[in-house]
Amino acid sequence: FVLVLAVVSFLILLKSANYKLSNLVDRKATTTTETNTGETTTLPVEYSGKANVLAVCSDSGGNLSFFGVLMLDMDSKQISVYTFDNASQCILNGKTDTFTNYYSSGGVTGLKQAVEVYSGITVDRYFDVTETNFKKIISSFGDVTINSDEKINFKGSGYVLNLEKGEQ
């Protein structure tokens, strides 16, 4: 559930901000050719490369709600999502603390450093959004179609998610 929500949420965030996923990775050069008749042909831009994006959501008081790393691979056209438990502990600069506390004391850059040490993933870019704006982003998208490769039954504190295999 968290994986599906994180990917959908990230794409919604990009759409609402009129931000293109392709801006997160490098572009291959475009090729323009001219013929004897004076016509110009430009080949479409192809995107390539990889980027790791730290996606952070905080409440109105500035407290960490949830976060994850989105690994974008434009060559294989895949997005992988890695989520973390806010209460997990990490040793950074000789200090053991939770992700929540690293975020509270160092903001998104402090959390970025802790995530990199904890996971070994180099974060190329990051963004931080409040829960209120996150909900607005989700609402602005309207209906969302999810295609699950497998049946998902997830029980969290206060909610249950049941998805059948296939498109919903």
Taking interchain pairs and intrachain pairs at least six residues apart, which have beta carbon atoms under 9 angstrom, with the first residue in the range 131-159 and closer than 22 Å to V56 by Cα and the second of a type in the set (G, A, S) and modelled with pLDDT of 80 or more?
E131/S58; E131/S60; E131/S65; T132/S60; F134/S65
The conditions are (1) exposed (fewer than 14 other Cβ atoms within 10 Å of the Cβ); (2) assigned to a loop (DSSP other than H, G, I, E, B), and F154 fails exactly one of them. Which is it?
(2)
Out of D59, D85, D97, D75, report the one residue that is open to solvent by less than 70 Å² (accessible area, probe 1.4 Å), charged (D, E, K, R), free of Cβ contacts under 8 Å to residues at least 40 places away in the same chain and at negative phi.
D97
Test of understanding: among L64, L92, L70, which residue is at pLDDT below 90, among the hydrophobic types (A, V, I, L, M, F, W, C) and open to solvent by less than 50 Å² (accessible area, probe 1.4 Å)?
L70
Is it true that some residue in the range 27-35 is surrounded by 11 or more Cβ atoms within 10 Å (Cβ to Cβ), at pLDDT 60 or above and more than 16 Å from the chain's Cα centre (by Cα)?
no
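Restricting attention to the range 100-125, report how many residues are of a type in the set (S, T, Y), open to solvent by 30 Å² or more (accessible area, probe 1.4 Å) and under 22 Å from S60 (Cβ atoms).
Within the range 100-125, the subset of a type in the set (S, T, Y) is 100, 102-105, 109, 118-119, 122.
Retained after the next criterion (residues that are open to solvent by 30 Å² or more (accessible area, probe 1.4 Å)): 100, 104-105, 109, 118-119, 122.
Right, trim to under 22 Å from S60 (Cβ atoms) and you get 100, 104-105, 109.
Of the residues in that region, 4 qualify.
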(1) of a type in the set (D, E); (2) over 18 Å from A55 (Cβ atoms); (3) at pLDDT 85 or above: which one isn't true of D149, the others all being true?
(3)
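The values are calculated or read from the model by the stated rules, or taken from the named source; none is laboratory data. Everything numeric in this text was worked out from a predicted model, so none of it was measured. Backbone-built Cβ (ideal geometry, glycine too); neighbour counts: all protein chains shown. Surface areas here come from the heavy atoms of the whole protein model, side chains and all, with no ligands, DNA or RNA. Shrake-Rupley method; radii C 1.70, N 1.55, O 1.52, S 1.80 Å.
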